[in-house]
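A short write-up of the structure that comes next.
Here, each number is a calculation from the coordinates, and none is a lab measurement. Just so we're clear, the structure is a prediction, and the values are computed from it rather than from any experiment. All Cβ positions, glycine included, derive from the backbone under ideal geometry; neighbour counts span all protein chains shown.
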Amino acid sequence: AAGFASGVKGGYFILLDLFQETLDMRIDQWRKEDLIRRKEDKKFRSLIRRVITHNSRSCQKRRFALAQRIECASRIASAIKYLHDNNIMYRDLKPTNIGIDHTGNTKIFDFGIAKELHAHERLENGLYKMTGRAGSLRYMAPEVAQKKRYNLSADIYSFSILLWEICSLDTPFKKMGSCEHDAKVVHGTHRPRIDSSWSSSLRFLMKNGWSANIQDRPNIQVCYDILQSEMMA
């Protein structure tokens, strides 16, 4: 901004949209709404004559609420897809770095540690030598946390953890300290529990997306396509 304001040739500025809220705030709101729905379910279940009718209505409400959250995840995938299509790795995907404006548009911000990947820097195995431990540990791919070489698939790991959070309305690894997380997640196989009621496509996306084996992870186009299909189901 300073370069542009000073009138220096070649100066630049950053235009920031006005966000109504960030994704972590929206998730908190979804949690409150979900809690209200659960309390209503419990209340109506006590009225035996309404159980069957209400259960059907309750399931419809839950499915609709999940569909809304999946739509949000799809928009995030679209943003990541744009970056990956332009060989840009975001490296810090988390709820506090995602903004939502008054129209419901979802946008990623804070590109402080984003990295443009150049073909001449790519190694024979398709990986890049980049800074380790970049990003937030809760959403960080194991190979990044271990300071190994990595590529765009590390963003897929982060997206999969975030997708689980959006669907479950729970915080991933919330009871883990950094040492336990390092032992069980970074160097182990512990991952969030996937709800069996979710579709097979969602379960596939999460399970493969956060795999320790980067070859198992789908690219962002596949992630986006799956979420789009979920919205139309």
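Could you list, in their original order, any pairs among Lys115/Lys147; Lys39/Lys107; Lys39/Lys207; Lys94/Lys148; Lys81/Lys115; Lys81/Lys129 whose Cα atoms are separated by more than 25 Å? Over 25 Å Cα-Cα: Lys39/Lys107; Lys39/Lys207.
Placing dummy labels 7 Å off each Cα toward the beta-carbon, the span from Lys175 to Ala119 is 5.1 nm. Rounded to 0.05, the FRET efficiency of the Leu18 and Asp110 pair, given R0 = 25 Å and the Cβ-Cβ distance, is 0.95.
The GluC sites (Glu not before Pro) of the range 65-170 meeting both criteria, a DSSP state outside H, G, I, E and B (loop) and at most 15 other C-beta atoms within 10 angstrom of the site's C-beta, are Glu124.
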